[in-house]
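What follows draws every value from the coordinates through simple rules; no lab data is involved. In this text, all values refer to a predicted model and were calculated from it rather than measured experimentally. Note that each Cβ is placed from the backbone with ideal geometry, even for glycine, and that neighbours are counted across all protein chains shown.
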Amino acid sequence: MAEKLKIATTSLGGCFGCHMSFLDIDERIIDLFDLVEFDRSPLTDIKHCSEYVDIGLIEGGVCNSENVHTLREFRKSCKVLIAVGACAINGGLPALRNFIPLEECLAESYLTGEGIDNPQIPSDIELPLLLDKVHPIHELVKVDYFLPGCPPSGNAFWRFITDLAAGKTPTLPYDLVHYD
Amino acid sequence: MTWSESKQEKVLAIVSKHEIRQTRLLQILREVQDEFHCVPKNALEIVAAELGLARTKVEGVVQFYSLLSLEQQGRFHILFSDSITDQFQGSRELMDYLSAKLGVKPGQTRSDGKVSLGFTSCTGLCDQGPAGLVNGHWLSRLNESRIDRIVDLVEREVPVSSWPLEFFHVEDNIQSPGLLLQSPIDQGEALKQLVREGFEEIFMEINRSGLRGRGGAGFETAWKWRFCAEGPEDYSGSSLVDKNERFVVCNADEGEPGTFKDRILLNSYAHQVFEGMTVCAGIVGAKQGFLYLRGEYLRLRPQLEAILANRRAKNFLGKSILGRNGFDFDIEIHMGAGAYVCGEESALIESLEGKRGVPRVRPPYPIDRGYLDQPTVVNNVETFAAVAAIAAYGGAWFATQGTDKSKGSKIISISGDCERPGIYEYDFGISIAEILMDCGAENTLAVQVGGPSGGIISGKEYHRKLAFEDLGTGGSFMIFNKKRDVLEIVRNFTHFFAHESCGFCTPCRVGTTLLKNEVDKICDGHATSLDLVGLSSLAKFIKTASHCGLGQSAANPVLGSLSHFPQAYKDRFKDVVFEPGFDLDESLETARRMSARDDPWAHLEQ
C-alpha cells in the first residue's frame, strides 16, 4: 500500500467552525484514515509541522504576529496549501475591525471600556502583537486552493481531500457551493 | 437642529425654479451644493419631500456624483486634475505646495470652513495643465507663483468672480484644423438647406457621407437616426411611431482623460453643434433636445445659454423653425456632476432623468427606449458638428476624405510629451508616426490612443492608422516619452477606473479595486512573477464579466502594457516566490507603541 498522505490543519483568526464542519464527514473519517494521517493539527495536538507535509488546511485570517509565523511554517512544510472558509479567504468576521483604527480597538478593550479594572495594554513577550489590519491568508503567502463556505460543508471537505488524494485537481460541483 | 427659515426658503426656491420635476433632481442638487458648499441633510429632506422621492433615493444620487458632497466643503473648493498628463506636469507636487501653504490636506476641509482641497479625474485641460477647478471653474497652467496668488485670494476671501481672469483663461489651442474646423458653416446654413431640400433628402446626404459616430464606437449615424425615427415596434410587429415622443441628446460628457476636443467645439463651434442637433430633430421628429454638459465644463454654460437664446430669437429653435409647420424643437442644457461613467449613453440618460448614472441593460438601446423610455438619439458633440456641415455642404464633400470604412476627418486632442499639444484634425487613415511628427514628439516611448479605456501603442506600431478599421478613438491621444515609467501610467489609469466604477456590478466594483491593489503592489516593489498569473487572470475576468464598457475596458491598461512592455513588469519583480503587498513590520507599529515593546518577537520580517 502506498504511503499515506500527511495532512496538517490549523486555525489562525478563526472560530474552529471549519474544523467542526470537517468532522461532519462523520463515519467517513474511518475511510479517510486509510488515505491520510494527521500531522500538526488541533485534532492531534502536534505542535509543529513535520518537514514534509502533503496538504495544509488553514482556517481563519491573519490577525497577529503569531498567525504570520504559523502560516509561514505551514507554507514551508506543505506541498499544497488550502485556504479554508470565509475568514481565510476574505478575512471574514475578524476583518470587520479593519474599519476601526487598531488604536481605538485596543483602547476600548483594555483602557476605556466599561467594567475595566486596572486599565493597561497587555505587554509581554509571550503575547503576539496585533497587526493593524486583518488579512486573508493569500495576501501573506502563496495559496494553492480555496475551499469556500462559512463553513464549507463536510461533503465539500470530503470531496476536496479525496480528489487531491486521487491525484486530481479538486472540483466542487454546484450543490457543494450553493448555500441557500 | 432646526434649520433657519431663510435656508429652507432657498432650497424651496431652487426646487420650484426647476418646476418640482424629478428629472431635474441632479440639477437641483447642483444648485443646492453651490449654495451651501455641500448638500445638507435638511436640504436633502426638503428636496425629497417636494419631489415625492424617498430620502435615500436623493442621498444615493448625492453620493454617486463626485462634485456633490454630504460633508461640508470649504467656501473655496479647489480640485486638481489627477489625469496622468497633469501628474507628469507636476500636479501632485503643486498640490503638496498648496496644501502646505493653506494648512489643509487633500480630501479635507480646513477647520475655519474657508477652503477644502481634493483631486478630480480629468478637467479637460490636458493641453494647458497642470489644471484644476475652483468652485467648479477651470484653473489653467498652474505653477507655484500662481498658487501663491491663489492662496492670497483665498485667505482674503476674495470671491471667485473677482479673481484675475487670466487664471481662468483657456485657449482653444487649435494647432492643425482640417475638414470640419477649417470650414465652419454659417449660422442657419444647414437648417435652410434642410427646409429647402426636405428632411428625406438631407437624410440621404448624411447616409451618403458615411458618417460614423465620433464618440468611439463608430455606429453609422444615418442608421441610428433611421432606427430611432421608425423605431420600436410592438409585439405584433406594427410600428409605434405615432405613440412615441422622441428626443435628441448631445453627449458632451467628455470625461475620457486626455480628451478635450468637445471643449473647443462648444467654445467656438457651438452654433454648428446645436444646428446639427436641430437637423437630427427634424429628421427623427423630436421636439426636445438636451445638451448633457460635463460638470467640469461649467464655465462654458453661460455662453452656450446665450447662443441658444440667440438661435431662438432667429427661429433656428422654437416653434415652426424657419416657417416649416410642425418643425418644433428646443434644447435644454443639463449639467453633469463629475461621473465618468455618464459618458456611456444609457448611464447618461439615467443621469438626464435625475438618477444615479448606472448604465442600463442594452438592448433595448436608446433608439428604442431612451430618455423616459422614449426613442432617443444620443450622439457625440463632434458627430453633430459634422452633421451640420454635411447638411450644408453635402455628403460627397465629406465622403471623399478619409478611408473606405472611416469617412471624413477626426478631431484629436493631443497631450503629454510633445512640443505642441492641442487640437489636431486629420482625415481618417493618418498614421501615428505622422501625427507624432506634426506635434513635435521625440523619443516617444508609447502613445495612449483613446484614453485609459483605449489602447497603448509602442514604437513598432507607429505605422498603424487612425481609423475605425485599425485604431479607433474618441479623440484622446496621450504621448509619453522615454523618461516615463509605463507602470506609473498603468497605475494612474487603474486608480482612475477603480475611482470611477459606478458600483453596480461586482466584477467591476470589486475587480477594479483588486486590480488597483495588485498594480500598487507591483509598483511598490513587493510583487513576484507569481503575482503576474493572478493579475492577468483577474484582468481577463473583469473584461469579460463586467456589465458595461467601463468595466470591460478597465483592464485594458494592464493587458495592453503586459503585451507591449512585459519587461517593465519583470524589472520590478523580486526574486522570491511570494511577498506580502504591504509592510508587515510596519503594520505591527501601533500595537508595538501601545504595549511599549521593541523585543525581537515584536517584529516581523517581510
**Complete:** Rounded to the nearest 10 degrees, the helix B:5-17 long axis (Cα) sits at an angle to the longest Cα principal axis of chain B of 40 degrees
**Message:** Can you compute log10 of I(q)/I(0) for region B:5-64 with the Debye formula, treating each Cα as one identical point scatterer, at q = 0.16, 0.20, 0.26 Å⁻¹?
**Reply:** -0.38, -0.62, -1.12
**Shape category assigned to the protein assembly as shown from the gyration tensor of Cα positions, a/c cut at 1.5** = prolate
**Under the Karplus curve 6.51 cos²θ - 1.76 cosθ + 1.60, θ = phi - 60°, whole-Hz ³J(HN,Hα) for region A:49-55, x wherever Gly or Pro sits** = 6, 5, 4, 10, 10, 7, 10
**Asked** Taking every DSSP beta bridge that has both residues in region B:176-399, what percent is antiparallel when rounded to the nearest 5?
**Response** 15 percent
**Cα-centred dipole magnitude for the protein assembly as shown, charges only on beta-carbon of K, R (+1) and D, E (-1), debye, nearest 20** = 2040 debye
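Do the alpha carbons of any pairs in B:K460/B:K482; B:K261/B:K570; A:K133/B:K105; A:K133/B:K574 sit beyond 26 Å of each other, and which pairs?
Those over the limit are B:K261/B:K570.
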**Asked** Over region B:487-570, what number does the Rg to Rh ratio reach, with both radii from the alpha-carbon atoms and Rh per Kirkwood?
**Response** 0.94
**Fill in**
Relative to chain B, whose Cα atoms define the longest principal axis, helix B:55-64 and its Cα axis are tilted in degrees, nearest 10, by 80 degrees
**Prompt:** Among all the lysines, which ones have a C-alpha under 16 Å from B:K465's C-alpha, if same-chain residues fewer than 8 places away are not counted?
**Reply:** B:K405, B:K407, B:K410
**Request:** Sequence neighbours fewer than 8 away in the same chain don't count; with that in mind, list the lysines whose C-alpha is under 24 Å from B:K243.
**Result:** B:K224, B:K287, B:K319
**Item:** Pairwise label distance in nanometres, B:S162 with A:L43, each label 7 Å out on the Cα-Cβ vector
**Value:** 8.0 nm
**Length-normalised contact order for region A:1-70 - Cα pairs under 8 Å, 6+ apart - percent** = 53 percent
**Prompt:** Relative to the longest principal Cα axis of chain B, at what angle does helix B:381-393 sit, 0 to 90 degrees, rounded to 10?
**Reply:** 30 degrees
**Asked** Which aspartates and glutamates have a Cα less than 14 Å from the Cα of B:K101, not counting those fewer than 8 places away in the same chain?
**Response** B:E93, B:E144, B:D148, B:D152, B:E155
**DSSP beta bridges in chain A [antiparallel fraction, %, rounded to 5]** = 20 percent
**Asked** Per chain B: cysteines with no other Cys C-beta under 4.7 angstrom?
**Response** B:C38, B:C122, B:C126, B:C228, B:C250, B:C280, B:C342, B:C502, B:C505, B:C508, B:C523, B:C548
**Prompt:** Hey, what's the per residue convex hull volume over the C-alpha atoms of chain B, in cubic angstrom?
**Reply:** 182 Å³
**Prompt:** Roughly speaking, what % of Cα-Cα pairs in region B:207-339 are separated by over 17 Å, rounded to a whole number?
**Reply:** 63 percent
**Request:** Give the percent of DSSP beta bridges with both residues in chain B that are antiparallel, rounded to the nearest 5.
**Result:** 45 percent
**Message:** Taking a ≥ b ≥ c as the square roots of the Cα gyration tensor eigenvalues, with a/c under 1.5 meaning rounded and otherwise prolate when a/b beats b/c, else oblate, which class fits region B:176-399?
**Reply:** rounded
**Message:** Counting each pair of different Cα atoms once, what's the Kirkwood radius of region B:76-168 in Å, rounded to one decimal?
**Reply:** 12.9 Å
**Request:** With a ≥ b ≥ c taken as the square roots of the eigenvalues of the C-alpha gyration tensor of region B:409-483, please select rounded if a/c is under 1.5 and otherwise prolate if a/b is larger than b/c or oblate if it is not?
**Result:** rounded
